[in-house]
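Some notes on the structure that comes next.
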Amino acid sequence: MDAATVFGFVTGMTMIIMAMIYGGDALPLMQLPSLLITLGGTFAAVLIHFPLKKVFASFGIARNCFVTTLPEPSEVIARFRNLAAQVRREGSLSLESQAGSDTDSFMRVGLEMIVNGESKEMLKAALERELAAIEQRHAAGRRLFEMMGSAAPAWGMIGTLIGLMQMMRSLDDPRQIGSGLAMALSTTLYGAVFANLFCIPLAGKLEARHAEEFVVRQVMTEGFLALLEENTPNVLEERLRAWVPPNERTNSAETHTRAA
């Protein structure tokens, strides 16, 4: 689980709720009609803007920000070093069991092509297609949450206008002015909070996660090409270490030296 995403969301909600409580009576800020207008209008706009299938897919991609973590490039390099050693000992056909059981579709495609003895050109083209598909899915997810981030404040303003119109109809009854004004302002509040605490940060998180995954997939692609060329484990590691930050390369090399 990505602790930073969960911690950031919980911290933001906690600070807002505490400010509402310690700022006085928080009850006027709890307006169910305002919440229905803001969230309902935002999701309605999303359903109009995107096909239903893409909406579900984008929420599935966003879920990965909370429940999955990406391997570090150094971890990927260590795995490919082990794969290179296995290929030298037992041949490329020994990777067949891993190709069938690996849960990562990118790794599975690469391993299957190594086992089948595909050419370097075909391997690179297949992995580039996988990477392009991943990039397309991530871009669709970002667009959805960016759209929600722009729609939520707009629907908050719509709710504010509705509340003000209702308040104007009750000017002859001062007791109704307070409740109408509370509903009018709370919709703007809900729209701003939903956009700036959830939608926009999540779109940014998806972009950051895509950049991280792109690096990991590039390391894997280079690793598969090195396996196909039957590089030794040491040569393979040196070939992939360019993707590891300089301050981590020495540690990786020292680890293998001690292990040897």
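The values are calculated or read from the model by the stated rules, or taken from the named source; none is laboratory data. Note that the structure is predicted; figures quoted are calculated from it, not measured. Note: ideal-geometry Cβ built from the backbone for every residue, glycine included; neighbour counts use all protein chains shown. Accessible surface is based on the protein model in full, side chains and every heavy atom, while ligands, DNA and RNA are left aside. Shrake-Rupley method; radii C 1.70, N 1.55, O 1.52, S 1.80 Å.
Can you give the charge dipole size of the chain about its Cα centre, rounded to the nearest 20 debye, using +1 on the beta carbon of Lys and Arg and -1 on the beta carbon of Asp and Glu?
Details: 23 positive and 27 negative charges, 94 e Å.
So the magnitude is around 460 debye.
Could you give me the radius of gyration and the Dmax of the chain, taking only the C-alpha atoms into account and expressing both in angstrom?
26.0, 89
Using a ≥ b ≥ c from the Cα gyration tensor of the stretch 57-105 (square roots of the eigenvalues), is it rounded, prolate or oblate, where a/c under 1.5 gives rounded and otherwise the larger of a/b and b/c decides, a/b for prolate? Don't skip to the end; give the middle numbers.
Numbers: a/c = 5.19, a/b = 2.07, b/c = 2.51.
Because a/c hits 1.5 or more and a/b fails to exceed b/c, the stretch 57-105 counts as oblate.
R0 = 22 Å: FRET efficiency of E72 with E229, Cβ-based, nearest 0.05? Don't skip to the answer; put the middle values down first.
Numbers: r = 24 Å, r/R0 = 1.10.
It comes out at approximately 0.35.
Using the Cα centre of the chain as origin and beta-carbon charges of +1 (Lys, Arg) and -1 (Asp, Glu), tell me which of F9, T103, N82 is placed farthest towards the positive end of the dipole.
Sorting the options by dipole projection puts first F9.
Rounded to whole Hz and in sequence order, give me ³J(HN,Hα) for the stretch 72-82 from the Karplus expression 6.51 cos²θ - 1.76 cosθ + 1.60, θ = phi - 60°, writing x for Gly and Pro.
Values per residue, Gly and Pro as x: 6, x, 5, 5, 5, 4, 4, 5, 5, 4, 5 Hz.
Given contacts defined as C-alpha pairs under 8 Å and at least six residues apart, what's the relative contact order of the stretch 133-253, whole-number percent? Present the calculation step by step, with values, prior to reporting the outcome.
On the way: 89 pairs, mean separation 35.0, N = 121.
This gives 29 percent for the stretch 133-253.
For the stretch 1-108, give the magnitude of the charge dipole about the Cα centre (Cβ charges: +1 Lys/Arg, -1 Asp/Glu; no others), in debye to the nearest 20.
On the way: 8 positive and 8 negative charges, 63 e Å.
That gives the stretch 1-108 a dipole magnitude of about 300 debye.
Ordering F9, F50, F56 from largest to smallest accessible area (1.4 angstrom probe), what's the sequence?
Working: F9 85, F50 30, F56 140 Å².
Of F9, F50, F56, the descending order of accessible area is F56, F9, F50.
May I ask for the net charge around H49, where only other residues with Cβ less than 15 Å from the Cβ of H49 are counted and Lys, Arg are +1 while Asp, Glu are -1?
Cβ neighbours under 15 Å give a net charge of +3.
Hey, how much of the P(r) for the stretch 45-147 falls beyond 25 Å, as a percent of Cα pairs?
On the way: 1923 of 5253 pairs.
Percentage above 25 Å: 37.
So, in nm, how far is label A4 from label F214 when the simple model puts each one 7 Å beyond its Cα toward the Cβ?
Taking the simple label geometry, A4 and F214 are separated by 1.7 nm.
Which value, in Å to one decimal place, does the Kirkwood hydrodynamic radius take for the stretch 128-215 when every pair of different Cα atoms is included?
Numbers: mean 1/r = 0.0665 Å⁻¹.
Computed over Cα pairs of the stretch 128-215, the Kirkwood hydrodynamic radius comes out at 15.0 Å.
Within the stretch 105-203, what whole-number % of the accessible surface is contributed by carbon and sulfur, with the 1.4 Å probe and all protein chains included in the calculation? Please list the in-between numbers first.
Details: 3150 of 5150 Å².
Here carbon and sulfur together make up 61 percent of the probe-accessible area.
Can you put K205, K120, K53 in order of accessible area, largest first, using a 1.4 Å probe?
Details: K205 55, K120 90, K53 170 Å².
In descending accessible area the options line up as K53, K120, K205.
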